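Heads up: the structure comes next, in structure tokens.
Each reported figure results from applying straightforward, stated rules to the coordinates on display, with no laboratory input. The model shown is predicted, which means the values in this text are computed figures rather than measured ones. Cβ: placed from backbone, ideal geometry, glycine included. Neighbour counts: every protein chain shown.
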Amino acid sequence: MRNYRTYFTGLALALFAATAFAEDKEITISDGGAAALKLGVPKDAEVTKSKKGEETTISTKEGKIYIWPVSKSASVNDALPHVGEVIKSEFTEYVVASTEDITVAGAKAKHLKGKGAEADDGDPGSADVVIFEVGKHVFAACVHGEKDAAAKQRPTLLSVLKTAKVP
């Protein structure tokens, strides 16, 4: 009887893993024209790139995740003073309220939480920004919204970033 339990437990875990994998699709983000980042995103997410290719937007049921290569920075620490400039197409007047060390793609990253204004209409809001490195490339990922909307989108942002890897 015990062998059957082990077998069925293993089978259930394998089926769950296969189902979870089927729920995602993999995307590649470029930096300077070269593939620099792979991410797993929800299967139904819509992925768009800006006309200049400098911003990738991942639209999910929970909201939008914005990702930019920070080509002028060689490390996470180099990018930190430029966060407001990097995200200004989506969020302005960004003031960091807290910083947390996290890991993305096996490397140290910074998770910033703060307030500012939405770029499209100037409404006050909140934004979570993660500055991270993948290989030799530095990226910024952001979720934002009016009031405390960033907190509601945070789990999706962090879930997508857990899949980050070198292409």
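Helix 149-161 and the longest principal axis of the Cα set of the chain meet at an angle near 60°.
Pairs over the 23 Å Cα-Cα cut-off, from the set K64/K136; K38/K136; K108/K136; K25/K165: K64/K136.
Computed 3J(HN,Hα) for the range 130-141, one whole-Hz value per residue from the Karplus formula 6.51 cos²θ - 1.76 cosθ + 1.60 where θ = phi - 60°, is 10, 9, 8, 10, 10, x, 9, 10, 10, 10, 10, 10, glycine and proline marked x. Between the helical axis of 2-22 and the dominant principal axis of the chain, each derived from Cα atoms, what acute angle in degrees is found, rounded to the nearest 10? With both axes taken from Cα atoms, the answer is about 30 degrees.
Would you mind counting up the charge near A107? Only other residues with Cβ under 12 Å from its Cβ, with Lys and Arg at +1 and Asp and Glu at -1. Walk me through the numbers before you get to the answer.
Numbers: positive: K108, K110, K136, K165; negative: D101, E133.
Net of charged neighbours comes to +2.
The share of alpha-carbon pairs in the chain lying farther apart than 26 Å comes to 30%.
Hey, got the dipole for the range 25-161? About the Cα centre, +1 on K and R Cβ, -1 on D and E Cβ, debye to the nearest 20? Don't skip to the end; give the middle numbers.
Details: 18 positive and 21 negative charges, 86 e Å.
Using Cβ point charges on Lys, Arg, Asp and Glu, the range 25-161 gives about 420 debye.
With the convex hull drawn around the C-alpha atoms of the range 93-167, the volume per residue stands at 89 Å³.
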